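One structure is given below, encoded as structure tokens.
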Amino acid sequence: METSATNIGATPTETLRGVRCVRLSVRTDETTSPERQRESDDQAASALGIDFGTGETLREAVDLDVSASKVGPFERPQLGAWLKRPADFDALVFWRFDRAIRSMGDMHELAKWAREHRKMIVFAEGLGGTGRLVFDFRNPMDPMSELMMMMFAFAAQVETQSTSDRVTGAQAAMRKMPLRWRGGGKTAYGYLPAPMPKEHGGVGWTLVPDPVAVSVIERIIAALMSGLAPLAIARMLNADGVLSPSAHWAAYRARTKNAGAEPAESTPRKRKPAQWRAETIIRMLTSPALLGWKVYQGKPVRDDQGAPIMAAETPILTREEFDQVGALLAPKPVAERAPVRKDSGALLLRVIHCNGCGSRMYLNKARPGKGRDVYQCSSYKYGANCPAPSTIRAQWADEYVTTEFLRLVGPVQITRVIEIPGYDPQPEIDATVAEFAEHQKQKGRQKSKAAQAEWQRHADALDSRLAELEAREKTEPRREALPTGRSYADDWNNADAMARRTMLVEAGAKLMIKPGTKGGWRKLDLRRADFTITGDLDPAIEENATMADALAAENNPQHTPTTGATAHRNLTPDSLAAAA
């Protein structure tokens, strides 16, 4: 059935230049795909003698990922461009009303434009899939087209509102269903939609971990544990070309659905993908979605007992891991932040100290061709008076520490310490208490009995959850050392100056330098240097020295073992000569 405002069932007597109009709110919507819209538009155009052109002369407006509720016809990238050139066509052909407009206001503006420019507007299918609708505004004296169009627009708006209400109600119901993902929207970073497993009913969709995103999350957490700040991690990810959460989701949608080719000359300019930011990382790592929980408007969705409702059967993080990550992101006191200095490339920064005053010595770089780099006592810069300030060539000090560090620590095998997480219910208790306190602020504002009952139900659920959490026992985390198969010498030989300095500082290395003596410019006077290592490596160094003594005793029965030799001992010229 065809409905026309001017000539019902008329046979076309002339060929009209038409624009085929295609619109999608979501690229993955198969029921309203561009191919289906094009097919219906072509059928309607053929019956009415409308020609869309071909090849380079094709007249088509394709607006994908454009919501009719939010973007009117004149603001859409391609349709809006055609509406600015009314002399280039005679008719607009849409599949249905909702492809063109979603409100009476937009329809009024479109009808006003069509009457002003004497155009025909065609809908291949009417409301509910009924017959074709043709509104011919070429006769400005005939008001029926605009009147009928507004009547249909009113019906379309009512239908749209009813559909919106049904969708909103269905989504609210699905939020309460364990493992059920509502579909049609963006998932939390780290998860992808997948068909519901048969053991859980096999109906609808659920969420599963996204291997690519999970690997990125693991990388971010590893970087946090190594001491990097969220800002530094964001810069690292951007430098490596890692897609941000929004860009990752856009790429996933492009892979999973081919929404049809667009004319190259009318393809809208692509925007630069969103970049990683520190705020993005913090927001992602502190979201309960990583626990597999359903989150709505930033808060966990809970059942009648107050327990969070799961959106995924396999969460990315356990509660213990989630709390550990939260602790890593907690603001650190200013005093804990290491100062940034211009000579941060010096090997012995924070390692070499002046024996006269005990303060650190800093690298003083010489001008090219004007002497050598030296470490020197800089206490005078801070208003202190050193009784015996020291200065030493940087090359001598670096080579001396390198030799001694590798002699004492080089053979020691490196172990990787992992944290075996415990469990502390307190963080979740605190979060639930905050949610309960916010809920309590709404007490007494409900006018209906139904609203009061719903308020009380949620309050009871939160209270039940708190009681359950308070009954749980806290378990302490523990540390476990795992062998890596590498020695300190292996890592030292493959590291740059900054990484080597980190090894020295973490090992507790300290070099005390005394003032030079007469003639000390020729070579390092070992009596000036006092190198010690104190810290967690003491037992390993002790064991290494004991094994070395035992091996030497086997090869030389006259060898006297260095009983009790540890990294705490001062290294004198005599001990160095004996060790050599």
I want to confirm something. Restricting to the range 79-98 and keeping residues that are of a type in the set (Asp, Glu) and part of a helix (DSSP H, G or I), which single residue is farthest from residue 122 (Cα to Cα)? 88
On the given criteria, is residue 464 touching a Gly at 6+ places or on another chain (Cβ under 8 Å), on the phi < 0 side of the Ramachandran plot and of a type in the set (Ser, Thr, Tyr)? yes
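If you take the residues of the range 471-518 that are under 30 Å from residue 374 (Cα atoms) and of a type in the set (Ser, Thr, Tyr), which of them is farthest from the chain's Cα centre (by Cα)?
That would be 517.
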Kindly indicate whether any position in the range 364-375 is surrounded by 13 or more Cβ atoms within 10 Å (Cβ to Cβ), out of contact with any helix residue (DSSP H, G or I) (no Cβ under 8 Å at 6 or more places or on another chain) and of a type outside the set (Lys, Arg). yes
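I'd like the full set of residues that are surrounded by fewer than 18 Cβ atoms within 10 Å (Cβ to Cβ) and over 47 Å from the mean Cα position of the chain (by Cα), limited to the range 381-392. Let's see the steps before the verdict.
As a first pass, look at the range 381-392 and keep what is surrounded by fewer than 18 Cβ atoms within 10 Å (Cβ to Cβ): 381-388, 391.
Residues satisfying the conditions are 384, 385, 386, 387, 388, 391.
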Between 379, 359, 390, which is touching a residue at least 40 places away in the same chain (Cβ under 8 Å) and hydroxyl-bearing (Ser, Thr, Tyr)? 390
Residue count, the range 281-334 (criterion: of a type in the set (D, E, K, R), part of a helix (DSSP H, G or I) and free of Cβ contacts under 8 Å to residues at least 40 places away in the same chain): 1
Identify, by number, the condition in (1) surrounded by 15 or more Cβ atoms within 10 Å (Cβ to Cβ); (2) in contact (Cβ under 8 Å) with a residue 60 or more places away in the chain that residue 422 doesn't meet. (1)
May I ask you to list the residues in the range 198-215 that are under 21 Å from residue 317 (Cα atoms) and either out of contact with any Phe, Trp or Tyr (no Cβ under 9 Å at 6 or more places or on another chain) or assigned to a helix (DSSP H, G or I) (or both)? 211, 212, 213, 214, 215
How many residues does the range 53-96 contain that are free of Cβ contacts under 8 Å to residues at least 12 places away in the same chain and within 31 Å of the chain's Cα centre (by Cα)? 2
Among the residues of the range 241-265 satisfying the criterion of being within 22 Å of residue 79 (Cβ to Cβ) and either modelled with pLDDT of 85 or more or in contact with a strand residue (DSSP E or B) (Cβ under 7 Å, 6 or more places away or on another chain) (or both), which is surrounded by the fewest Cβ atoms within 10 Å (Cβ to Cβ)? 263
Can you tell me how many residues within the range 180-210 are hydrophobic (A, V, I, L, M, F, W, C) and either exposed (fewer than 13 other Cβ atoms within 10 Å of the Cβ) or without any contact (Cβ under 8 Å) to a residue 60 or more places away in the chain (or both)? 4
The residue that is surrounded by the most Cβ atoms within 10 Å (Cβ to Cβ), considering only those in the range 35-78 that are of a type in the set (A, V, I, L, M, F, W, C), out of contact with any Lys or Arg (no Cβ under 6 Å at 6 or more places or on another chain) and assigned to a helix (DSSP H, G or I), is 48
Out of the strands (runs of 3 or more DSSP E) lying entirely within the range 347-405, which hold 3 or more residues that are within 23 Å of residue 495 (Cβ to Cβ)? 361-364
How many residues are more than 13 Å from residue 37 (Cβ to Cβ) and either of a type outside the set (A, V, I, L, M, F, W, C) or not assigned by TED's automatic domain parsing to the domain that holds residue 41 (or both) if we restrict to the range 75-98? 10
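The values are calculated or read from the model by the stated rules, or taken from the named source; none is laboratory data. Values in this document were obtained by computation on a predicted structure and should not be read as measured data. Counting neighbours? That spans all protein chains shown, and the Cβs are built from the backbone with ideal geometry, glycine included.
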